[in-house]
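Right, one structure below, let's go through it.
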């Protein structure tokens, strides 16, 4: 019979290979991990829900305006009404970022960088492009990406590429109009 010392350090069961372990935590649990496509998919879902909430509250603000003769109350009413979904969005957004940072074996505290202007752009690029650990890291085993997250993540990537290309094409198309406007403004 083997006696264990209650004061010894804990030991892990290494008889099971680490490849068998998978992250089964809730997507909103900050202790888990997220792959790139999972993170993109959940951000797209979160963005769509945020737009629905904002447009819904804006419509409600217009309908429930106190008096048609008091238009100065509308910005205050809508600002306060939009603060709640924006704060919820920020909390969930940071939870998703924490999980993504865990996947690249970085502490979740790095997600605070997403609040800092200009630095957040670099942090987003790291989250979007850095491959996560293929095996278990200090934050746990990898989380398999469900097929719906793969599809929605790819849709997010397509939207981003189309938005980038569309923005560049629009800028190029509007350049002659801008040059004409500047010439007219300068009196040439």
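The values are calculated or read from the model by the stated rules, or taken from the named source; none is laboratory data. In this text, all values refer to a predicted model and were calculated from it rather than measured experimentally. Note: ideal-geometry Cβ built from the backbone for every residue, glycine included; neighbour counts use all protein chains shown.
A compact table of results
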item	result
Subset of region 124-143 (residues that are over 18 Å from the mean Cα position of the chain (by Cα) and either within 12 Å of residue 44 (Cβ to Cβ) or in a loop (DSSP other than H, G, I, E, B) (or both))	133, 134, 135, 136, 138, 139, 141, 142
Of all residues making up region 116-143, the number that are touching a residue at least 24 places away in the same chain (Cβ under 8 Å), surrounded by fewer than 15 Cβ atoms within 10 Å (Cβ to Cβ) and under 20 Å from residue 93 (Cβ atoms)	2
Residue within region 168-180 that is under 20 Å from residue 46 (Cα atoms) and either at pLDDT below 95 or part of a helix (DSSP H, G or I) (or both) present	no
Residues (assigned to a loop (DSSP other than H, G, I, E, B) and surrounded by fewer than 13 Cβ atoms within 10 Å (Cβ to Cβ)) located in region 144-160	144
Flag if residue 83 is at pLDDT below 90 and within 27 Å of the chain's Cα centre (by Cα)	yes
Residue identified as in a helix (DSSP H, G or I) and modelled with pLDDT of 85 or more among 77, 121	121
Any hit, region 20-37, residues being within 21 Å of residue 127 (Cβ to Cβ), at pLDDT 75 or above and not in a loop (DSSP other than H, G, I, E, B)	yes
Yes/no for residue 105 being in a loop (DSSP other than H, G, I, E, B) and over 15 Å from residue 42 (Cα atoms)	yes
Residue in region 144-163 that is within 19 Å of the chain's Cα centre (by Cα), over 30 Å from residue 54 (Cβ atoms) and in contact (Cβ under 8 Å) with a residue 12 or more places away in the chain present	yes
Residue in region 181-188 that is closer than 13 Å to residue 38 by Cα and either within 16 Å of the chain's Cα centre (by Cα) or surrounded by 10 or more Cβ atoms within 10 Å (Cβ to Cβ) (or both) present	no
